[in-house]
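Read the structure below first, then the notes.
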Amino acid sequence: MIFDIEYETMPREALESIQLRRLRTTLERVNTTVPFYQEKFKAAGILPGDVNSLEDLQKIPFTTKQDLRDNYPFGMFAVPMDNVVRIHASSGTTGQPTVVGYTARDINTWSILMARSLVAGGASRDDIIHNAYGYGLFTGGLGVHYGAEKLGASIIPVSGGNTKRQIIIMKDFGPTILTATPSYTLYLAEVAKEMGVSFEDLKFKFGIFGAEPWSENMRKEIENKLNLVAVDIYGLSEVMGPGVAIECHEAQNGLHVFEDHFLAEIINPDTGEVLPYGETGELVFTSLTKEAFPVIRYRTRDITSLNPEPCICGRTHIRMKRVSGRSDDMLIIRGVNVFPSQIESVLMKIDEVEPHYQLVVDRKDNLDTLTVNVEVGENLFSDEVRQLQDMEKKIAKDIKEYLGVSAIVKLVEPKTIARSEGKAIRVIDNRKI
Ligand code: DLL
């Protein structure tokens, strides 16, 4: 099923002409309402009227997270505060939080895009959605919530945490769709098991998981453990929140970007050059319909590629590949680039290990060291030390073989790695301290 058949299956030519019209309107608007953009365009010697094709967008300078921080909290808003009906903010784990605003129309657009996303992910108005994304300044909880209401599904606004109670709700209310981060989903599975609740007896059909990187092998693990079909949803607060892009459950192969509202580009993060379809680089977004917080060529730091091939689901919107990580999450270990999700991918292939891991990076005598702490099941942990050591060596060998990086692998006891109720912290980088 498709929520908005007209826009989601629109022929590319018609879509592109809508994009151009909306782009020009957005550029005109920010040029008159946001001093930051006005100055930036002026410095680059460009006027919104100079943009006569989608390619012309390349003449416009990028916007970075630093720019948003410099204008903290409301400096990038394009409407007076009395038109702003909602404020969200990023968690600010990597510095000052970024603050975003929405007009009533923005909230409506977001709700529609989230309704589209839920349908692409397998939901219909007959479903009961167990929404375990956090409610609050984080966009996950309220984003899914408004989308579910727009769709007409039943939403359980359970938020993150209070995990045992979540399992009881799952048993008693019989939700059919689960929305949560992949890492919290695994924790839910673990607690359910402890409570003697089997997902075979629950009613879930689909899970819509995102807000953090996760690997294809993690998807398999989740699908097996929870007995559902897992789809990947992507978004970021600066661009809107969840619902910027989502996989369709039919193909589970790349996330459709809602291109009638967002223009996506891939650039070489070092040179800023726009890369052709298929090439991997940094994802850049321009919003086409946002009122309160438009973004122009916003550098997400997320690494992916774009695939324009038609999809079996009928949607014509371009697909982005699963995000492997953020450029600032990329570890450089003795010159080798590696994303935590790549390590995850290797770990998840090994039956004996559990999907709970953490990477610790240190610098000793000017040399980077990578330690991979990963949990093993109760059975294995009670085995002989020798067996554990063999397993550690085997995993280290696999990591070296697949990723070219040397790692010290430490198998740790069940439940020693902190569980997440939202986004998991996968890396502890002691080099920055
Ligand atoms: O995480 C919005 C969201 C909520 C998306 C719920 C999906 C579901 P932020 O907190 O601003 O917004 O974080 C955005 O999270 O730039 C990516 O680095 C990462 N991210 C989000 N979705 C995915 C995903 C929300 N599916 C940042 N795969 C983004 C990988 C993701 N990374």
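Computed from the coordinates by the stated procedures, all read-outs in this text should not be read as laboratory data. In this text, all values refer to a predicted model and were calculated from it rather than measured experimentally. We place every Cβ from the backbone using ideal geometry, glycine too, and count neighbours over all the protein chains shown.
In nm², what is the average projected area of the convex hull enclosing the Cα atoms of segment 281-430?
Taking a quarter of the hull surface, the average projection is 13.0 nm².
Work out how far the C-alpha atoms of segment 77-188 reach from end to end along every principal axis, then list the three figures in whole Å, largest first.
Each principal axis gives a Cα extent; for segment 77-188 these are 46, 32, 21 Å.
Show me, for segment 362-375, the HN-Hα J-couplings you get by feeding each phi into the Karplus relation (A = 6.51, B = -1.76, C = 1.60, θ = phi - 60°), rounded to Hz, glycine and proline as x.
Values per residue, Gly and Pro as x: 9, 10, 10, 6, 6, 10, 6, 10, 10, 10, 9, 8, 9, 7 Hz.
Can you give me the pair-distance distribution of segment 1-100, C-alpha pairs, 10 Å bins, whole percents?
13, 33, 31, 21, 1
Working only with C-alpha atoms, what are the Rg and Dmax values of segment 240-302, expressed in angstrom?
Both quantities, over Cα of segment 240-302: 12.5, 37 Å.
Give the order of Tyr277, Tyr184 when sorted by the count of other beta carbons within 10 angstrom, beginning with the fewest.
Lowest to highest Cβ neighbour count: Tyr277, Tyr184.
Report, largest value first, the span of the C-alpha coordinates of segment 164-209 along each principal axis, in whole Å.
Sorted largest first, the three principal extents are 24, 19, 17 Å.
Find how much the distance from Phe36 to Ser53 grows on full extension, using 0.36 nm per residue of separation minus their present alpha carbon separation; answer in nm with one decimal.
3.8 nm
Taking just the C-alpha trace of segment 372-428, give me its Rg and Dmax in Å.
In Å, with Rg to one decimal and Dmax whole: 12.7, 36.
Would you kindly state how much longer the chain becomes between Arg105 and Val412 on full extension, computed as 0.36 nm times their sequence separation minus their alpha carbon distance, in nm to one decimal?
Answer, rounded to one decimal: 105.5 nm.
Name the long-range amide H neighbours of Glu375: under 5 Å, sequence gap of 5 or more, or other chain; modelled H, no Pro or chain starts.
Amide H neighbours of Glu375: Glu354, His356, Val412.
Determine which aspartates and glutamates satisfy two conditions relative to Lys150: a Cα distance under 15 Å, and not lying fewer than 8 residues away in the same chain.
Correct list for Lys150: Asp4, Asp106, Asp126, Asp127.
Return the subset of Lys205/Lys394; Lys164/Lys410; Lys65/Lys410; Lys321/Lys397; Lys203/Lys394 for which the Cα-Cα distance in this structure is over 31 Å, preserving the input order.
Lys205/Lys394; Lys65/Lys410; Lys203/Lys394
What net charge do the residues around Leu283 carry, taking every other residue with its C-beta under 9 Å from that of Leu283, with Lys and Arg at +1 and Asp and Glu at -1?
Within the 9 Å Cβ shell, the charges total -1.
Efficiency by 1/(1 + (r/R0)^6): what FRET value for Glu401 and Asp362, r their Cβ-Cβ distance, R0 = 25 Å, to the nearest 0.05?
My answer for the efficiency is 0.65.
So what are the ³J(HN,Hα) numbers for segment 399-412, from phi and the Karplus equation (6.51, -1.76, 1.60; θ = phi - 60°), rounded to whole Hz, Gly and Pro as x?
After applying 6.51 cos²θ - 1.76 cosθ + 1.60, I find 4, 4, 5, 7, 10, x, 10, 7, 9, 9, 9, 10, 7, 10 Hz.
With Cβ to Cβ distances under 11 Å as the rule, what net charge do the other residues near Arg334 carry (K, R +1; D, E -1)?
Cβ neighbours under 11 Å give a net charge of 0.
If Lys and Arg each add +1 and Asp and Glu each add -1, what is the summed charge of the other residues whose beta carbon sits under 12 Å from the beta carbon of Asn224?
-1
Helix-only estimate, please: 222 nm mean residue ellipticity of the chain, summing -39500 (n - 2.57) across DSSP H runs of length 4 or more and dividing by its residues, to the nearest 500.
After summing the helix terms and dividing by the residues of the chain, the value is -9500 deg cm²/dmol.
Mind listing the long-range amide H neighbours of Ile408? Cut-off is under 5 Å, sequence gap 5 or more, other chains count too, H placed in the peptide plane at 1.01 Å from N.
Close amide H contacts, sequence-distant or interchain: Leu370, Thr371, Val372.
Translational diffusion coefficient of the chain at 20 °C, 1.002 mPa s, Stokes-Einstein with Kirkwood Rh over Cα pairs, in µm²/s as a whole number.
Taking Rh from Cα pairs, D becomes 94 µm²/s.
Quick check: pseudo-label points 7 Å beyond the Cα along Cα→Cβ at Lys220 and Glu200, how many nm apart are they?
Taking the two extended label points, one gets 2.1 nm.
Among rounded, prolate and oblate, which fits segment 296-351 when a ≥ b ≥ c are the square roots of the eigenvalues of its C-alpha gyration tensor, a/c under 1.5 means rounded, and a/b larger than b/c means prolate?
oblate
Ranked highest first by the average count of other Cβ atoms within 10 Å around their residues, in what order do 96-106, 408-418 fall?
96-106, 408-418
What full-extension length gain, to one decimal in nm, is calculated for Ser91 and Glu28 as 0.36 nm per residue of separation minus the Cα-Cα distance?
That pair, Ser91 and Glu28, stretches by 19.6 nm at full extension.
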